[in-house]
Amino acid sequence: MLIFHLTFFVGLILSLIMLPLGYIAPEWLLLVNIYWAIALPSNKKLFIAFLSGFFVDIVLVQPLGITSLSYVLLIYIILYLYNSLRYMTITQQMVVLFVLLIIKQHFFIWTCYVFSFDANYSALIISSLITGALWPITYFSLRFIRRKFQVNAD
Amino acid sequence: MSPPIFKKSVTNFYFLILLISISIISIVVDLKNPSTNYIRIIINDFVVNPIQYIVKTPSSFFSSYIEEEKTINQLRLKIDKLAKDNKVLKMNLQRITSLENEVSRLRSIKSVMTEKIKNIKIAKITHRDVIPNKESLQMNIGSKDFIKIGQTVMGTNGLVGQVVEVSMYSSKVLLITDINSNVPAINTRTGKQLIIKGRSQDDFLEISFLKNNTDIRSGDLIVTSGQAGRFIASLNVGRVIEIIRNEGERFATVIIEPSEYINDVNEVIISSDEYKDK
């Protein structure tokens, strides 16, 4: 339980460390969210995704809720597909996540335009590619943590 | 009929709709209502800033240790130089009585001026590039020192930017070199009203929508006009260094070099609203 919440905290710290990288900074908090949504699917994950999006908005000085909207939708899709995702190999999961992340970024850009904000299109696409490429690291390290500390319920 | 082995979905569609509507409401409320800033301030001060401090500590510890070794020799040289300077200064001190008279005379002229610049605060830059994709700075004073969003930030040579976010102990500044930053300005030679925009790819500025046949020359001084009430009037913005008149197009490209060395500035001056009214 405690370990489960600590991983989100570590994800937040990692995103803050990589903040100076600018637009190529990967979304660690989202990756942690995706892993737990596949490993321990439940309704609570949607709420946690909402909260993480809120934090990201505060850190990046965006209108509150604009990131949580896209996070919640992505986690909902993943919670819907978790059975199929579990049967895939890690490379296949990575490819599927690429596609889902790019869909999520397009949704984010669309939201930005609805509320008349500037969104840097190419930067967002590059950042989603980098985030997808970091999926194996997240997957193996979080699986190790889950098995070592016997995290079975959130 | 037995229940299926795997549930089709673990999620609740109505919960999704609820969360989505909450986020949309919060976006709208945040855009329309400035008082949501208190939530940002609380979370920034109690969660984000401590983490940023923890992250910064290990790296700054090592760099400061290396620097210490290097600078001891430099300090010795500096002490010698300062001892010499001290003697010269002591001699100059004798001239102070004559200067005092001059100062009092100048002060009477500037008495109107000092009233205006009473509310100036000086801040140190703590971080750079704090907002991703934007040219920005972080300063070490915040709402505790009565900093507000929209205040003008300047250096000793000219305009630097404006305050865009305020926490209790720190605040973030959007620089004029950012592509989203527009400064209403005036050409001092001709009196022409201009809008100065950042370029983001280099540290220069440019004028947006200036007609090809406008009277502008290289070397013209550009100052803020104070229109729209955002920036204080008549602060130096920069000097024109290059004019490209695009044949066959309506607008010329004019490159401006900022007066302030924006990438090297360490201390900035923030003025409060009272000064803006003058």
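The values are calculated or read from the model by the stated rules, or taken from the named source; none is laboratory data. Not measured: the values here are computed from a predicted model. Reconstructed Cβ throughout: ideal geometry from the backbone, glycine too, with neighbour counts over all protein chains shown.
Before moving on, here are some points about what is shown:
Yes/no per residue for (1) out of contact with any Leu (no Cβ under 6 Å at 6 or more places or on another chain); (2) outside any strand (DSSP E or B); (3) closer than 23 Å to B:ASP30 by Cβ:
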residue	(1), (2), (3)
B:LYS148	yes, yes, yes
B:ARG189	yes, yes, no
B:ASP203	yes, yes, no
B:ILE216	yes, yes, no
B:ILE222	yes, no, no
B:ILE241	yes, no, no
B:ASN246	yes, yes, no
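- Pick from region B:156-180, criterion of a type in the set (Gly, Ala, Ser), more than 12 Å from chain A (Cβ to nearest Cβ) and more than 9 Å from the chain's Cα centre (by Cα), ranking: surrounded by the most Cβ atoms within 10 Å (Cβ to Cβ): B:SER170
- Test set (1) within 11 Å of chain B (Cβ to nearest Cβ); (2) modelled with pLDDT under 90; (3) surrounded by fewer than 19 Cβ atoms within 10 Å (Cβ to Cβ) - A:ILE77 fails condition number: (2)
- Residue list for region A:1-47, filter: assigned to a helix (DSSP H, G or I), of a type in the set (A, V, I, L, M, F, W, C), touching a residue at least 60 places away in the same chain (Cβ under 8 Å) and crowded, with 17+ Cβ neighbours inside 10 Å: A:PHE4, A:TRP28, A:LEU30, A:LEU31, A:VAL32, A:ILE34, A:TRP36, A:ALA39
- Some residue of region B:24-42 being under 22 Å from A:GLY11 (Cβ atoms), more than 8 Å from chain A (Cβ to nearest Cβ), assigned to a helix (DSSP H, G or I) and at pLDDT below 85: yes
- Criterion violated by B:LYS192 - all others in (1) surrounded by 16 or more Cβ atoms within 10 Å (Cβ to Cβ); (2) within 14 Å of chain A (Cβ to nearest Cβ); (3) farther than 30 Å from B:SER143 by Cα satisfied: (2)
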